[in-house]
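A.B. asks: Before we start, here is the structure in question, set down as structure tokens.
The values are calculated or read from the model by the stated rules, or taken from the named source; none is laboratory data. A quick note: this is a predicted structure, and the numbers were derived from the prediction, not measured. Cβ sites come from the backbone with ideal geometry, for glycine too, and all protein chains shown count toward neighbours. Just the protein is used for accessible areas: all its heavy atoms, side chains included, with ligands, DNA and RNA removed. Shrake-Rupley method; radii C 1.70, N 1.55, O 1.52, S 1.80 Å.
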Amino acid sequence: IAKEVAKLLEMKAQLGGDEGKHKFVLKTPKGTRDYSPKQMAIRERVFNAIITCFKRHGAEVIDTPVFELKETLTGKYGEDSKLIYDLKDQGGELLSLRYDLTVPFARYLAMNKITNIKRYHIAKVYRRDNPAMTRGRYREFYQCDFDIAGQFDPMIPDAECLKIVHEILSDLQLGDFLIKVNDRRILDGMFAVCGVPDSKFRTICSSVDKLDKMPWEEVKSEMVGEKGLSLEAADHIGEFVQLHGGLDLIEQLLQDPKLSQNKLAKEGLGDMKLLFEYLTLFGITGQISFDLSLARGLDYYTGVIFEAVLLQQENDHVEEPVSVGSVAGGGRYDGLVGMFDPKGRKVPCVGVSIGIERIFSILEQRVEASEEKIRTTETQVLVASAQKKLLEERLKLISELWNAGIKAEVLYKKNPKLLNQLQYCEDTGIPLVAIVGEQELKDGVIKLRVVATREEVNVRRENLVEEIRMRTSQ
């Protein structure tokens, strides 16, 4: 890199002063994007819905640094570790940009000896992925995480996490969705009875995780060809991973002669049964499917895992409902905090991450298609004047409004035309205009105009704030 930089600097010197200026490339780095005011307005709407839900469930909020010591992140993500962004040494420490919010959370718990907390954290994470930006996959993107850490009775926090996903996806009105649920212990038990050697559990797990993107035949050939699994074991796995259902399937597997003999699988299925009982009480089992193909690629999961997918209904000409991809995921990771604790003290955790970028790109496309007008400001009133030489009066009035907490704007011209001021309201969606005029000043009133209906009323100056509040709260 140093060589290349030197070469570039030399070329720049040869170009001399300003001649090289027009050669400058204006772009954001690969896999990143800027957000326009319109996009941010949609994004804020989504964030507010998510934060409201997290707070409704009693979560506190934390924040952690955007980069961590490299060793904090190493070995926590399995095959995905190659996507971690390493920073060039800048101050005696080897650092990497955070890959998710879960590992920093576990580090935070271990470092501060916290044994129980319910927290949410919304922040950017970084992955050196090959971005598919049309589908909301980036190298820099937001994650919205909610986690419950602590020793509790089984499956109660896990059920709450699924309820949260259900609430958020229903609230955002993204269309039909399905939350797939499985358990790492059921997977591991299944691998064991299918004859997968212990050492291959994790790597076979990440192959199974690709079933939502690849057909079974391709996944099978990856297992056998690349990962050296016997054909017989792969076929055996194939019989299981095509199963999905609800309580009936759990009961059926509890009776399965091989699976029920496996200690791990039996534990997992027992908990899954309990989980479905709680989800029935929450009234959300209609959108939940126990799915044996769900694996989730990350290494740190130890129990229940889940993923929410949107079901395609945009294109009617598609034969079967296709999933648009995952919009939320999570699970139980009871060992992660222990990895950081010098004494290996475990803090059980379960959490969920909402895929805000994917959700956001869907809503953005929908707004584009519907040509819905989106306001990018929240201004309630424009302070305008009907004659010249009233700038001082406009500034006095707007100051009163600002001090009263009213969102107000004024045009930055000494003597703007009334028509231009009204046009500005039309363009930006400001609902009210407070007009200062010579006669009004004499009478101690302000003329309040409703932009949409053009109705005008005179309001006593001392009642103006109240009137604006009343009209904008409707």
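A.B. asks: Taking GLY75 as meeting all but one of (1) assigned to a loop (DSSP other than H, G, I, E, B); (2) surrounded by 13 or more Cβ atoms within 10 Å (Cβ to Cβ), write down the number of the exception.
C.D. replies: Condition (2) is where GLY75 drops out.
A.B. asks: So, one more: Restricting to region 425-448, name every residue that is β-branched (Val, Ile, Thr) and open to solvent by 30 Å² or more (accessible area, probe 1.4 Å).
C.D. replies: The answer is THR428, and nothing else.
A.B. asks: Can you confirm whether GLU232 is in the same structural domain as PHE152 (by the TED database), free of Cβ contacts under 8 Å to residues at least 40 places away in the same chain and open to solvent by 50 Å² or more (accessible area, probe 1.4 Å)?
C.D. replies: Answer is yes for this residue.
A.B. asks: Looking at region 449-466, can you tell me whether even one residue there is under 18 Å from THR379 (Cα atoms), in contact (Cβ under 8 Å) with a residue 12 or more places away in the chain, open to solvent by less than 30 Å² (accessible area, probe 1.4 Å) and assigned to a helix (DSSP H, G or I)?
C.D. replies: Looking for residues that are under 18 Å from THR379 (Cα atoms), in contact (Cβ under 8 Å) with a residue 12 or more places away in the chain, open to solvent by less than 30 Å² (accessible area, probe 1.4 Å) and assigned to a helix (DSSP H, G or I), one finds at least one in region 449-466, hence yes.
A.B. asks: Limited to region 115-154, what total is found for residues that are part of a loop (DSSP other than H, G, I, E, B), in contact with a Gly (Cβ under 9 Å, 6 or more places away or on another chain) and open to solvent by less than 60 Å² (accessible area, probe 1.4 Å)?
C.D. replies: The qualifying residues number 6.
A.B. asks: A further question follows. From the list ARG43, ARG33, which residue is within 28 Å of the chain's Cα centre (by Cα) and either surrounded by fewer than 12 Cβ atoms within 10 Å (Cβ to Cβ) or not in a helix (DSSP H, G or I) (or both)?
C.D. replies: Exactly one of ARG43, ARG33 is within 28 Å of the chain's Cα centre (by Cα) and either surrounded by fewer than 12 Cβ atoms within 10 Å (Cβ to Cβ) or not in a helix (DSSP H, G or I) (or both), namely ARG33.
A.B. asks: Here are LYS200, LYS163: which of them is farther than 30 Å from LEU311 by Cβ, open to solvent by 30 Å² or more (accessible area, probe 1.4 Å) and assigned to a helix (DSSP H, G or I)?
C.D. replies: LYS200
A.B. asks: Condition test on ILE359, is it among the β-branched types (Val, Ile, Thr), modelled with pLDDT under 95 and not in a loop (DSSP other than H, G, I, E, B)?
C.D. replies: Yes; evaluated as a whole, the condition is true for this residue.
A.B. asks: Hey, LEU401 hits all of (1) open to solvent by 30 Å² or more (accessible area, probe 1.4 Å); (2) assigned to a helix (DSSP H, G or I); (3) under 12 Å from VAL383 (Cα atoms) but one; which does it fall short on?
C.D. replies: Condition (1) is where LEU401 drops out.
A.B. asks: In the list ARG345, ARG358, ARG375, ARG366, which residue meets the criterion of being closer than 30 Å to LYS210 by Cβ, within 35 Å of the chain's Cα centre (by Cα) and surrounded by fewer than 17 Cβ atoms within 10 Å (Cβ to Cβ)?
C.D. replies: ARG366
A.B. asks: Of the conditions (1) under 28 Å from ALA41 (Cα atoms); (2) touching a Ser or Thr at 6+ places or on another chain (Cβ under 8 Å), LEU418 satisfies every one except a single condition; which number is it?
C.D. replies: (1)
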